[in-house]
Every structure is written in C-alpha cells, then in structure tokens.
Amino acid sequence: MPQQTIILAMSSYSDFACAIKNHLEYHNYKVIFIDSTSETLKKKIEANFHYPSLKTHIINTIRKIFLFDFTYKAELKEQIYHQELYENTQKTLGNYNYDYTLVIRPDLFSIATLELLKSHTKKKFIGYQWNGIKRFPKTIPTINLFDRFFVFDPLDVNNPEYSQFHLKGMSNFYFDMYHPQPVPHKGLIAYFVGLHVDNRTKALQTCAKALIENGVNLDFNIKLRPSEASKAVQYTEQNICLIAQNISFEDNLKHVNKADILIDIVNPIHNGLSFRVFEALYYRKKLITNNSYIKNYDFYHPDNIFIWTEEKDLQQLSDFLVRPLISIHPDIISKYSFANWIKNILDDSPYKEISVI
C-alpha cells in the first residue's frame with residue numbers, strides 16, 4: 001500500500017505538535033506541517049512593522065488619543081500575520097495535493113488559509129477543536145468548511161446551539177510510540193502537571209492536602225506564566241513545585257513512569273477527558289480526578305479511578321489507595337491508542353470506534 005500523505009495544521013506552542021507529527025510518521029504517514037503560531041514569523045513582523053498607509057497611522061492615533069483604544073496596531077499586525085501565513089502555506093504546499101488535512105484549533109487560521117488547505121486535500125478535510133468551542137468562538141465560522149469536524153467535550157456534541165453542525169465527539173488518546181517503563185522507587189508518588197488556572201487552585205490544594213495526609217509523596221508541578229508570578233502565594237502546600245518552564249514531552253513521560261498515581265484536575269471551561277486520563281490507562285497507573293464524566297467510559301473501574309467532586313469525598317481516599325489496580329482488557333486499552341485515534345479521525349477502516357459520552 002502506498003504511503004498516505006497528510007497535512008497537519010496546528011500550533012507549535014507545545015510539544016504536542018512534534019509528538020503528533022512523530023506518531024503520524026511512526027504509523028507510516030508522510031506529514032507536511034503547517035504552524036498556525038509561528039514564532040519566527042511573528043518576530044519578523046514585529047521587527048519590520050510599519051503602518052500600511054498614512055490612513056492606518058492616523059486611525060491608530062485617533063483611537064488611542066480619543067477612544068483610549070490601544071488595540072488597532074495589534075489588529076494590523078494580526079492581519080499581516082495571517083496574510084504572510086497564507087503566502088508561506090501556499091509556498092509549502094506548492095502544486096501538490098495531499099490525501100488528508102487535519103486542522104487542530106482551526107480558530108487560529110484565517111478562513112482564506114483554511115480554504116487554501118482544503119483546495120490541496122484529495123480525500124478528507126478534517127477539523128478538531130480542543131478545549132471547547134465556547135472558549136474559542138472563532139471556531140464556529142470555520143466548521144462548515146470541513147468534511148468532518150470533531151470536538152472532545154461531550155457538552156459541545158449535545159449543545160443545541162451547535163446542532164446544525166453535526167459535530168462528532170472524539171476523546172483524547174495516549175501516544176503509543178512509547179512504551180511503559182516503570183521506575184523502581186519507595187512509597188507512593190502522585191504526579192500532576194498543568195498550567196495555573198485560577199478556578200482550579202483550590203481543588204489542587206485540597207487534593208494535595210488529602211494525599212499528604214495519606215502518606216503519598218507529591219510530584220506536583222504548576223506552570224506560572226511570567227505575568228502570574230504574584231499568584232504563587234495561592235499555593236500554600238510546600239510540596240507543590242511552581243515551575244517557570246513547561247515540562248517537555250519526554251520529561252513528562254519520565255514523571256509518568258515513576259508515579260503510582262496520576263492526578264487530573266478538570267479545567268472548569270470544559271468537560272472533556274484530559275491526556276492524563278489516557279496516560280493512566282496505558283501506563284497502568286491509578287487516577288484521581290474530579291471529572292465525573294469519566295464514569296461513562298468503558299475503562300472506568302472504581303478500584304483504578306477515584307472520583308471526587310466535594311472535599312468530603314476525599315475521606316474515602318485511604319480505602320482507594322490500598323485497593324490493588326484492576327487489569328483492563330487489552331482491547332479497551334488499544335482502543336484509545338494514537339493508532340486507533342487517527343484511524344477514527346480519518347475514517348480509515350478498520351478501527352474501533354471512539355466517542356465522547
């Protein structure tokens with residue numbers, strides 16, 4: 001069978017873009033990557049910016065002085081960015097057409113660039129929105145461009161506001177190119193990594209306190225953006241580590257391999273299952289989460305996954321910690337692998353169907 005080609009269009013801000021590209025290549029796809037958030041391009045525009053015309057310069061001045069509106073210059077830079085991204089994409093794609101295009105976070109692209117990507121797609125033009133549509137409303141005008149459009153939040157699938165779009169639910173997955181390599185250690189270790197989010201600070205603190213009271217060692221890592229340095233005081237548990245840099249994809253797997261328990265604290269802006277859930281499934285770790293939607297999935301078992309939604313629920317944590325991990329059927333585990341996930345996304349049979357519930 002000839003190698004299939006795929007355009008992967010998404011942000012390069014995190015290691016996920018590189019990981020997805022590597023996994024597509026691992027599963028024998030030829031990948032053309034289009035970066036929606038090119039830092040190189042942004043720096044070039046910043047360094048060379050000039051007003052397109054005297055009129056735009058005057059408009060910016062009037063808006064600043066009389067309306068106290070300082071956004072116009074940023075809007076101009078964004079317009080220039082999208083125009084140059086369109087031109088760079090045109091050069092990258094050349095005169096070739098590709099079997100598939102997968103766009104993750106289509107709200108980061110202009111409609112013109114999305115239409116360009118679609119014109120170079122032979123089989124299916126596919127969109128996937130992480131983190132919920134309401135958080136990124138610019139997604140909505142892009143949906144009808146796609147042959148298939150996926151969301152990972154069950155509330156988006158069932159939202160009557162979006163019924164006209166025929167959205168398909170698709171959970172996250174685990175990266176199957178890597179294999180579990182448990183690291184010997186003493187005592188129980190619970191691992192959490194994530195960005196600081198104001199609305200989940202209290203839940204993190206509460207969970208950390210309960211774990212410490214049950215003799216569990218914490219490997220908690222909270223990334224604070226430079227503008228959030230003052231929020232460090234919100235974390236009163238001394239065993240929570242505040243980090244300035246993201247933990248790399250490879251280092252994250254080292255933490256996962258060493259841990260006994262993975263911690264998932266839901267971001268209040270959506271109800272989809274995080275990658276941490278599927279890492280727990282694949283790496284055979286216990287999971288503690290406050291996302292009650294996990295009960296609806298076929299891999300859920302109360303001996304493996306502890307769900308708490310109120311502080312009093314954590315009083316049952318000690319019983320959960322002493323119960324042995326229950327084996328999940330290999331067919332269920334493989335269902336959530338990247339290999340099966342991408343086949344679902346592309347509708348490339350055979351595959352085990354994945355959905356969100």
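List of remarks:
- Karplus-derived HN-Hα couplings along region 60-77 (A = 6.51, B = -1.76, C = 1.60, θ = phi - 60°), whole Hz, x at Gly and Pro: 4, 5, 4, 5, 6, 6, 9, 10, 6, 9, 9, 9, 4, 4, 5, 5, 4, 4
- The simple Förster model, with R0 at 22 Å and r as the Cβ-Cβ distance, assigns residue 311 and residue 201 a FRET efficiency of 0.95.
- Unit charges at the beta carbon, dipole of region 1-49: most positive-side option, 9, 36, 49: 49
- The phi-based Karplus calculation (6.51 cos²θ - 1.76 cosθ + 1.60; θ = phi - 60°) puts the 3J(HN,Hα) values of region 191-208 at 10, 9, 9, x, 6, 5, 10, 3, 6, 10, 4, 4, 4, 5, 4, 4, 5, 4 Hz, whole numbers, x for Gly and Pro.
- Distance between the C-alpha centres of region 232-260 and region 59-82: 39 Å, rounded to the whole angstrom.
- Nearest-0.05 FRET efficiency for residue 327 and residue 28, computed from C-beta distance (R0 30 Å): 0.50
- Region 1-47 and region 268-323: distance between their alpha carbon centers, rounded to Å: 32 Å
- Assuming charge only on the beta carbon of Lys and Arg (+1) and of Asp and Glu (-1), the dipole of region 60-211 about its Cα centre is about 320 debye to the nearest 20.
- Cα pair distances exceeding 27 angstrom across the chain, given as percent: 54 percent
- Computed packing ranks the peptides 279-292, 52-65 as 279-292, 52-65, most packed first, by mean other Cβ atoms within 10 Å.
- Estimated vicinal HN-Hα couplings, Hz - region 154-163 in sequence order (Karplus 6.51, -1.76, 1.60; Gly, Pro = x): x, 5, 5, 4, 9, 6, x, 5, 10, 4
- Selection from 58, 146, 325 lying farthest towards where the dipole of the chain points positive, charges on Cβ: 58
- Value at 222 nm in deg cm²/dmol, rounded to 500, when DSSP H runs of n ≥ 4 in the chain each add -39,500 (n - 2.57): -10000 deg cm²/dmol
- Given their separation in residues at 0.36 nm each and the Cα-Cα distance between them, residue 319 and residue 213 gain 36.8 nm when the chain is fully extended.
- The chain, accessible surface, carbon-and-sulfur percent (1.4 angstrom probe): 53 percent
- For the chain, the solvent-accessible area of protein heavy atoms averages 51 Å² per residue (probe radius 1.4 Å; ligands and nucleic acids excluded).
The values are calculated or read from the model by the stated rules, or taken from the named source; none is laboratory data. Keep in mind it's a predicted model, so treat the numbers as computed, not measured. All Cβ positions, even for glycine, are placed from backbone atoms using ideal geometry, and neighbour counts span all protein chains on display. Keep in mind that these areas ignore ligands, DNA and RNA; they rest on the heavy atoms of the full protein, side chains included. Shrake-Rupley method; radii C 1.70, N 1.55, O 1.52, S 1.80 Å.
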